[in-house]
1. Exposed (fewer than 10 other Cβ atoms within 10 Å of the Cβ), modelled with pLDDT of 75 or more and not acidic (Asp, Glu) - does that describe any residue in the stretch 56-79?
2. Restricting attention to the stretch 37-52, does a residue exist that is in contact with a Phe, Trp or Tyr (Cβ under 8 Å, 6 or more places away or on another chain), open to solvent by 60 Å² or more (accessible area, probe 1.4 Å) and more than 15 Å from Val93 (Cα to Cα)?
3. Out of all the residues in the stretch 95-109, which are at pLDDT 65 or above and either aromatic (Phe, Trp, Tyr) or surrounded by 11 or more Cβ atoms within 10 Å (Cβ to Cβ) (or both)?
4. Identify, please: which residue in the stretch 62-78 is in contact with a helix residue (DSSP H, G or I) (Cβ under 9 Å, 6 or more places away or on another chain) and in contact (Cβ under 8 Å) with a residue 40 or more places away in the chain and is, among those, nearest to Arg94 (Cα to Cα)?
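The values are calculated or read from the model by the stated rules, or taken from the named source; none is laboratory data. Quick caveat: nothing in here was measured; it's all calculated off a predicted structure. Note that each Cβ is placed from the backbone with ideal geometry, even for glycine, and that neighbours are counted across all protein chains shown. All accessible areas refer to the heavy atoms of the entire protein, side chains included, with ligands and DNA or RNA removed. Shrake-Rupley method; radii C 1.70, N 1.55, O 1.52, S 1.80 Å.
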Amino acid sequence: MPAGGTARTDMCLAIPGQIVDFSPQQPLLAKVDVGGVKRNINVGLLEDNEVGVGDWVLIHVGFALSKISEEGAREQLRMLEAMGENELAIEEVRGYSFGERAPSADETT
């Protein structure tokens with residue numbers, strides 16, 4: 001427990017990502033770019049045809065929760081950086097694997 005007697009509580013925040021592609025085989029999967037890391041996310045929670053390539057979305061645990069403006073995305077990124085959570089957010093995105101094959105042991109070494 002930190003000084004002052006209060007326990008640390010970790011917060012889960014939505015992470016902004018820009019859609020760069022859609023999967024032709026799985027239309028509910030979109031590839032997003034978050035700080036240079038590209039991963040597939042599920043856009044099935046959004047309304048039909050709500051997003052396209054170039055749009056920004058807020059992502060939580062691999063799901064797009066809402067479409068946001070580029071200005072809103074940049075503000076969210078600034079907030080994550082100010083809180084010291086930007087690197088943690090990038091690491092979370094690296095863990096997303098919708099529609100992607102897991103690397104073999106040879107590829108991870």
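1. No, the stretch 56-79 contains no residue that is exposed (fewer than 10 other Cβ atoms within 10 Å of the Cβ), modelled with pLDDT of 75 or more and not acidic (Asp, Glu).
2. Scanning the stretch 37-52 turns up at least one residue that is in contact with a Phe, Trp or Tyr (Cβ under 8 Å, 6 or more places away or on another chain), open to solvent by 60 Å² or more (accessible area, probe 1.4 Å) and more than 15 Å from Val93 (Cα to Cα).
3. So the first thing to find is which residues in the stretch 95-109 are at pLDDT 65 or above, and the list is 95-99.
Once the filter is applied, which keeps residues that are at pLDDT 65 or above and either aromatic (Phe, Trp, Tyr) or surrounded by 11 or more Cβ atoms within 10 Å (Cβ to Cβ) (or both), the stretch 95-109 yields Tyr96, Ser97, Phe98, Gly99.
4. Ranking the qualifying residues of the stretch 62-78, first place goes to Leu77.
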